[in-house]
Structure formats: structure tokens, C-alpha cells
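Input: a single structure, listed below in C-alpha cells.
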Amino acid sequence: MHHELVSLTVFASRWFQAEEMLYTDQYRIKRCMEVLHQLLGGPNQSGLLQIKMNREMNGILDRLYADMPLIRHDEILILSYSACGFTNDMSAHLAGLDSACDASVIRCRLREKILKLESDYTDEYLSLLPRKACRYGREMLFMNDRKYKKLWKLR
């Protein structure tokens, strides 16, 4: 458990340290975003999320780079954020995009590119890019497949 939570602990301790030192909001936001980008990746770097995803999923990002040599960094970020179930809004903030719509467009266009691939791994790549992004609230709990769940009625 320690290994899994150490990054969150570092983030929280830096947040609390910034509050105790009475840093300005702008400086605290900058420091917190730096840590978030180290953990989850950002506009200029891959993060621990992409490294772990690649390691745990048998080199899926390496295979994707081999199948799509011209893939952009923001497309890799959106793929990894979608695989984690992040919302378009969250993905846009983390990737440094202008809006949630931009994240949605990147995800949809990446799906189209992957569909055109002649790769043995196409289905695996597509499984990481759902047609719809998650939304906060009840839909996120069901990961957008409520239609496959039987809703029970109380009598």
C-alpha cells in the first residue's frame, strides 16, 4: 500500500507545506500542477501514470508508438486519461488543452486513426478509448454502461 500511495502523500505534503508557508495562490497552484504533471503527465512530459500503464499493460504505449509513429504527445495523454476514466474536463486541464471539447475531439480523432490501423492490437487500443468520456456523478459509477445493468424497482 505504501508504494501505491507514496505519490499522493508527496502531493498532499507539498500542498500543506505551501499553505503553512503562506505562499500565494498562484504559487501554490503552480507547485501543485508540477506535482500533478509528474504523477499524471502533462503538456511537456509523461508521468508516472503513463510509465505504469506501459509497464503493467505489456508495453502498450510502446506498441502504439510502433504502430503509429506520428502520434502526438497530447494524444497519448488523452488515451491514458480516458483509460483511467477521467472526464473530458479533467483531461483537458491535465493535458494543458483549452477546453473539454478539445479533449473530446482528440479522443474521437484518435479512435478514428486507430480504427484504420492494421494492427493486431487495434482492439486493445480501442478498449482504452470509450466512445463517451466519464462524467462526474452517477454516470461515473457505472462507467457509462448503465444500459447493460438491470435497474431494480422497489415495490
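Descriptive notes on the structure:
Conditions (1) closer than 14 Å to Leu129 by Cβ; (2) surrounded by fewer than 19 Cβ atoms within 10 Å (Cβ to Cβ), marked per residue:
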{"residue": "Ser7", "(1), (2)": "no, yes"}
{"residue": "Phe11", "(1), (2)": "no, yes"}
{"residue": "Cys32", "(1), (2)": "no, yes"}
{"residue": "Met68", "(1), (2)": "yes, yes"}
{"residue": "Ile71", "(1), (2)": "yes, yes"}
{"residue": "Asp98", "(1), (2)": "no, yes"}
{"residue": "Ile106", "(1), (2)": "yes, no"}
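- The residue list Asn58, Asn44, Asn54 contains one member that is touching an Asp or Glu at 6+ places or on another chain (Cβ under 7 Å) and either without any contact (Cβ under 8 Å) to a residue 40 or more places away in the chain or not acidic (Asp, Glu) (or both), which is Asn54.
- Residue that is surrounded by the fewest Cβ atoms within 10 Å (Cβ to Cβ) [pool: residues in region 73-92 that are more than 10 Å from the chain's Cα centre (by Cα) and within 20 Å of Ile51 (Cα to Cα)]: His73
Bear in mind that the values in this text are calculations on the coordinates, not laboratory data. Keep in mind it's a predicted model, so treat the numbers as computed, not measured. Cβ atoms come from the backbone with ideal geometry, glycine included; neighbour counts cover every protein chain shown.
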